[in-house]
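One structure below.
The values are calculated or read from the model by the stated rules, or taken from the named source; none is laboratory data. Computed from a predicted structure; not experimentally measured. No Cβ is skipped: glycine too gets one built from the backbone with ideal geometry, and neighbour counts run over all protein chains shown. The accessibility values were calculated without ligands, DNA or RNA, using every heavy atom of the protein model including side chains. Shrake-Rupley method; radii C 1.70, N 1.55, O 1.52, S 1.80 Å.
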Amino acid sequence: MDDDTELVATRPADEWWRSAVIYQIYPRSFADSDGDGIGDLAGVTARLDSLADLGIDAIWLSPFYRSPQNDAGYDVADYRDIDPLFGTLDDFDTMLHKAHELELRVIVDLVPNHSSDDHVWFKEALAAAPGSAERARYIFRDGRGPGGDLPPNNWESVFGGDAWTRVTEADGTPGQWYLHLFDSSQPDLDWSNRWVHEQFIDVLRFWLDRGVDGFRVDVAHGMVKAEGLPDWTPAEGAGSMGGAGGVSLSPGLESEAITQPDTPPYWAQDGVHAIFREWRSVLDEYEGDRVLCAEAWVDPLAKLALWVRSDEMDQAFNFTYLETPWSAPAIRKVVDDSIAAFSSVGAPSTWVLSNHDVVRHASRLALTAPNPQGAGVGPRSAGQPIPELGLRRARAATTLMLALPGSAYLYQGEELGLPEVVDLPDEAREDPTFRRTGGEKYGRDGCRVPIPWESDAPAYGFSPTGASWLPQPGEWSELARDAQAGVPGSTLELYRAALAERVASGLGTGALSWLGGFGDSVVAFVNAGVTVIANVGEIPVELPIGEVLLSSEALDGATLPPDTTVWLRTE
Ligand code: NOJ
């Protein structure tokens, strides 16, 4: 693996997002100011100083819009207002203002594939007749079979069950069916309708005018469906959101990525690109570098790169990286493929290990059975994670990730080393996946448990009353932020040190060259003059002489223990 080729992940341009570290806030679980057990915008504002202190560049907030909360806010009933659970537009403005004062950019979530069934657009569509302009906002079709009793095609919802629901028409008769790739309360909008485009241009302007720095675009690979809505059967074990899926993340348990020769008729259709170009031109009217980041589970990376051509989005989450097993050859390959794919279109690669839809990487990296995205882990799951091993690997994985050139996304709580909460009682679970699969899939609640701030406070400081919409584990005191702050070797201090050194050394904008000679189980490279060595294997590795800038675990002399990453200055 000796290779002198430099892999340049960023083109020479100075937009802030090319190398930014962007921290995802999941508002309902971040900080609750009013004590109802659900986080809110005033809570975010109150805790922003800690994020500035961590050393991140920007925050991305998952949805806080008006919503019945059937999918934790990804079911939007009004794109231009805040749900009372989270506060008011004034609270949003206060939060934005404070973030900007702290030099943190703010990215909000745009959910254009579907609205809530509680949105006035959908209510009007239901009240109107088949064939009306109102129905044409969504994907209504007549059913198949005698009396139209069967759904229009065989598509399944990402969350389980049919992707179609039949409505009752105004005269009380069983009527048309509407498409919902997710929950039945999330009807898909019809992006072949110009009216839909115009609504979302207005929504973009609404938030841009308020001063947001960009948008994370939900399901940016699903908005356009293939002509005729043909039947489709996904491969066994495929990830529910598209992409390769089907991987597990412990060495030795890697399963083949699931790929199918054709593109599913509801993912990654070419028509999506025209929408992004339209949005790009809207963002370009505004001052500053406003960013568009695609949530697109598209495989392979070379295809995902089409989402970030210079007149489309700026970034796309690198889920191929997130789903890479803890294996040195696999990590080297995904880094190579990522940088090659994204740089071919002049975009930076992004890197991400956790978010609100996947098992937290402090558990995922030590699962002992395959676990496709969306399945989640619960008390009855096979292959329970091994906590100490998971945390150790997670710290090594993050230390490796933050040394890669490009932009990195962090998910709230990972800087505390939070594990997935596996033992949530069934009755506490809210993810529609759990309900729609009859409990067969646990879904994503385990990574959404409210985060701990103070070890001795009610709800660990998440909420003043001790209320918490999902129960927090009894043993989180030692993971609370105040218990880790200033403690050498804590996960929080590791993140803080890594973020500071990343900036000091220019790692985010560097160019990477692989280093050979350490054996198959090691990932080693030089970026921006820093030598980065990750021991992904089981045998200690001899380190070259150099100044240790950062290490994910304490070092024993000049050897690098297993599941440890080090940053060295060797000259
Ligand atoms: C992706 C979001 O990240 C996820 O949480 C949500 O359930 C689906 N899109 C549907 O909006």
Residue list for the range 425-438, filter: closer than 24 Å to Gly474 by Cα and either assigned to a loop (DSSP other than H, G, I, E, B) or not assigned by TED's automatic domain parsing to the domain that holds Asn70 (or both) = Pro425, Arg429, Glu430, Asp431
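Can we say Leu7 is outside the structural domain of Tyr460 (by TED's automatic domain parsing), more than 16 Å from the ligand (Cβ to nearest atom) and open to solvent by less than 40 Å² (accessible area, probe 1.4 Å)? So that I can check it myself, show each step before the final result.
Values: outside the structural domain of Tyr460 (by TED's automatic domain parsing): yes; more than 16 Å from the ligand (Cβ to nearest atom): yes; open to solvent by less than 40 Å² (accessible area, probe 1.4 Å): yes.
Yes.
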Residues of the range 442-468 being surrounded by fewer than 24 Cβ atoms within 10 Å (Cβ to Cβ), under 23 Å from Asp426 (Cα atoms) and among the hydroxyl-bearing types (Ser, Thr, Tyr), which ones?
-> Ser468
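On the given criteria, is Gly406 at positive phi, open to solvent by less than 10 Å² (accessible area, probe 1.4 Å) and within 22 Å of the chain's Cα centre (by Cα)?
On the way: at positive phi: yes; open to solvent by less than 10 Å² (accessible area, probe 1.4 Å): yes; within 22 Å of the chain's Cα centre (by Cα): yes.
The answer is yes for Gly406.
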What are the residues in the range 48-84 that are away from the ligand (no atom under 12 Å from the Cβ) and among the hydrophobic types (A, V, I, L, M, F, W, C), if any?
-> Leu48, Leu51, Ala52, Leu54, Ile56, Ala58, Ile59, Leu61, Phe64, Ala77, Ile82
Residues that are away from the ligand (no atom under 16 Å from the Cβ), open to solvent by 50 Å² or more (accessible area, probe 1.4 Å) and at pLDDT below 95: which strands (runs of 3 or more DSSP E) entirely in the range 140-245 hold 1 or more of them?
-> none
Pick from the range 313-365, criterion of a type in the set (Phe, Trp, Tyr) and under 23 Å from Val219 (Cβ atoms), ranking: farthest from the ligand (Cβ to nearest atom) | Phe342
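Only residues that are polar (S, T, N, Q) and either open to solvent by less than 30 Å² (accessible area, probe 1.4 Å) or at pLDDT below 95 (or both): list them for the range 20-49, please. Walk me through how you get there before you give the answer.
Of all residues in the range 20-49, those polar (S, T, N, Q) come to 24, 29, 33, 45.
Across the range 20-49, the qualifying residues are Gln24, Ser29, Thr45.
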Can you name the residue in the range 358-388 that is part of a helix (DSSP H, G or I) and open to solvent by 50 Å² or more (accessible area, probe 1.4 Å) and is also nearest to Ser62 (Cα to Cα) among such residues?
-> Pro387
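Please report, ordered by residue number, the helices (runs of 4 or more DSSP H) entirely within the range 290-357 with at least 2 residues that are over 17 Å from the mean Cα position of the chain (by Cα). Give the steps one after another, and end with the answer.
Working: elements: 301-304, 319-322, 328-343.
Filter on the range 290-357 gives 301-304, 328-343.
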For the range 96-113, how many residues meet the condition of being open to solvent by less than 10 Å² (accessible area, probe 1.4 Å) and in a loop (DSSP other than H, G, I, E, B)?
-> 4
Of the residues Glu101, Glu134, Glu124, which is assigned by TED's automatic domain parsing to the domain that holds Ile56 and either touching a Lys or Arg at 6+ places or on another chain (Cβ under 7 Å) or more than 15 Å from the ligand (Cβ to nearest atom) (or both)?
-> Glu101
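Of all the residues that make up the range 469-485, how many are in contact (Cβ under 8 Å) with a residue 12 or more places away in the chain and either surrounded by 20 or more Cβ atoms within 10 Å (Cβ to Cβ) or within 21 Å of Glu388 (Cβ to Cβ) (or both)?
Going residue by residue through the range 469-485, those that are in contact (Cβ under 8 Å) with a residue 12 or more places away in the chain are 469-473, 476-484.
Those left that are additionally either surrounded by 20 or more Cβ atoms within 10 Å (Cβ to Cβ) or within 21 Å of Glu388 (Cβ to Cβ) (or both): 469, 472-473, 476-481, 483-484.
Result for the range 469-485: 11.
Would you confirm, using the coordinates I've provided, whether Ala133 is hydrophobic (A, V, I, L, M, F, W, C), assigned to a loop (DSSP other than H, G, I, E, B), surrounded by fewer than 23 Cβ atoms within 10 Å (Cβ to Cβ) and touching a residue at least 40 places away in the same chain (Cβ under 8 Å)? Write out each step before concluding.
Numbers: hydrophobic (A, V, I, L, M, F, W, C): yes; assigned to a loop (DSSP other than H, G, I, E, B): yes; surrounded by fewer than 23 Cβ atoms within 10 Å (Cβ to Cβ): yes; touching a residue at least 40 places away in the same chain (Cβ under 8 Å): yes.
Yes, satisfied.
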